[in-house]
1. Is the range 189-207 home to any residue that is part of a helix (DSSP H, G or I), out of contact with any Asp or Glu (no Cβ under 8 Å at 6 or more places or on another chain) and closer than 24 Å to Val112 by Cα?
2. Take the residues in the range 45-63 that are open to solvent by 60 Å² or more (accessible area, probe 1.4 Å) and more than 13 Å from ligand 2 (Cβ to nearest atom), then tell me which one is nearest to the chain's Cα centre (by Cα).
3. Does Val231 satisfy being hydrophobic (A, V, I, L, M, F, W, C), more than 16 Å from ligand 2 (Cβ to nearest atom) and open to solvent by 50 Å² or more (accessible area, probe 1.4 Å)?
4. Considering only residues of the range 8-22 that are within 8 Å of ligand 1 (Cβ to nearest atom), among the aliphatic types (A, V, I, L, M) and closer than 17 Å to Leu47 by Cβ, which is least open to solvent (accessible area, probe 1.4 Å)?
5. In the range 77-176, which helices (runs of 4 or more DSSP H) lie fully inside it and hold 1 or more residues that are surrounded by fewer than 20 Cβ atoms within 10 Å (Cβ to Cβ) and over 20 Å from the mean Cα position of the chain (by Cα)?
6. Counting only residues that are part of a loop (DSSP other than H, G, I, E, B) and open to solvent by less than 60 Å² (accessible area, probe 1.4 Å), which one in the range 65-76 is farthest from Leu151 (Cα to Cα)?
7. Of the numbered conditions (1) away from ligand 1 (no atom under 11 Å from the Cβ); (2) open to solvent by less than 60 Å² (accessible area, probe 1.4 Å), Arg29 satisfies every one except a single condition; which is it?
Amino acid sequence: MDALVELAGVRKSFGNALALAPTDLQFERGKTTVLIGPSGCGKSTLLRIIVGLVTPDNGTIVFNGNAITPEALQDFRRRVGYVIQEGGLFPHLTARDNVLLLARHLRRAADVRLNELSCLARFDEQLLNRYPAELSGGQRQRVSLMRALALSPELLLLDEPLGALDPLVRASLQRDLKEIFARLRQTTILVTHDLAEAAYLGDTIVLMNNGRIVQRGTLRDLQETPVDRFVTEFINAQRTLTLS
Ligand code: ADP
Ligand code: MG
């Protein structure tokens, strides 16, 4: 596998609680890897470790063949786009200023093509002057996505970006995300707890439980060759209702 990011022996505890058991994991360049599992299984912790917001107790993270040292962290973080469930937009800034915030800080605002980003994220440019409170939930997540993509990150991290949206808005954003990942050949790590979303958006699914990776593969792999009972239980618990 051509891995853009590689975790080796990465472990994290909070006090006595093990949030992430020693983990080896590779994320393939140009592909979408989906982290899925029950609430509290360590998905966000894994993402926060990768983006450098949480320091692991042990282990190394390799990016593009180089281990990320504390000295290299700052530079690395600028090559990563990160979207959280609540979007993380600043309420006192307009959509435009939210998108440009980091770029301005880095004196790279001139690099940002707002019209291209709006088009890509299907965000109506007329709304760029609005504040987050004046946008719908779906529009806010489109702005968060534009902000994360503004500086053409090598790695895009999305932590349940659609979790708070109603089903129709969610479906439309899922379609747009899939198109964006393909068009940009974006290396993406997406966290979700929705198996249908994982199967739709992910090239690979990584199923976690209790701070451990249980199984990695396609939905079909998980369905047809589950490694243990938990895998089957997790899949069955998510089976959608069929109306007759
Ligand atoms: P997920 O995103 O899969 O729902 P998290 O990664 O947020 O799970 O959390 C994994 C475990 O680590 C949970 O038991 C959670 O309570 C714990 N945890 C996460 N962050 C912290 C923190 N900053 N301090 C203490 N415990 C934490
Ligand atoms: Mg989480």
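The values are calculated or read from the model by the stated rules, or taken from the named source; none is laboratory data. This is a predicted model, so every value here is computed, not measured. So basically every Cβ, Gly included, is an ideal-geometry build from the backbone, and we count neighbours across all protein chains shown. The protein model used for the area step is the full one, side chains on, heavy atoms only, and it has no ligands, DNA or RNA in it. Shrake-Rupley method; radii C 1.70, N 1.55, O 1.52, S 1.80 Å.
1. Step one: filter the range 189-207 for residues part of a helix (DSSP H, G or I), giving 195-201.
Subset that is out of contact with any Asp or Glu (no Cβ under 8 Å at 6 or more places or on another chain): 195-201.
Those left that are additionally closer than 24 Å to Val112 by Cα: none.
No, because not a single residue in the range 189-207 is part of a helix (DSSP H, G or I), out of contact with any Asp or Glu (no Cβ under 8 Å at 6 or more places or on another chain) and closer than 24 Å to Val112 by Cα.
2. Filtering the range 45-63 down to residues open to solvent by 60 Å² or more (accessible area, probe 1.4 Å) leaves 48, 53, 55, 57-58, 60.
Those still in the list that are more than 13 Å from ligand 2 (Cβ to nearest atom) too: 55, 57-58, 60.
On the way: Thr55: 18, Asp57: 22, Asn58: 23, Thr60: 20 Å.
The residue in question is Thr55.
3. Values: hydrophobic (A, V, I, L, M, F, W, C): yes; more than 16 Å from ligand 2 (Cβ to nearest atom): yes; open to solvent by 50 Å² or more (accessible area, probe 1.4 Å): no.
No: the conditions fail for Val231.
4. Leu20
5. On the way: elements: 95-105, 114-120, 137-149.
So the answer is 95-105, 114-120.
6. Initial filter on the range 65-76 (part of a loop (DSSP other than H, G, I, E, B)): 65, 68-69.
Narrowing the set further to residues that are open to solvent by less than 60 Å² (accessible area, probe 1.4 Å) leaves 68-69.
Numbers: Ile68: 20, Thr69: 22 Å.
Result: Thr69.
7. Result: Arg29 fails condition (2) only.
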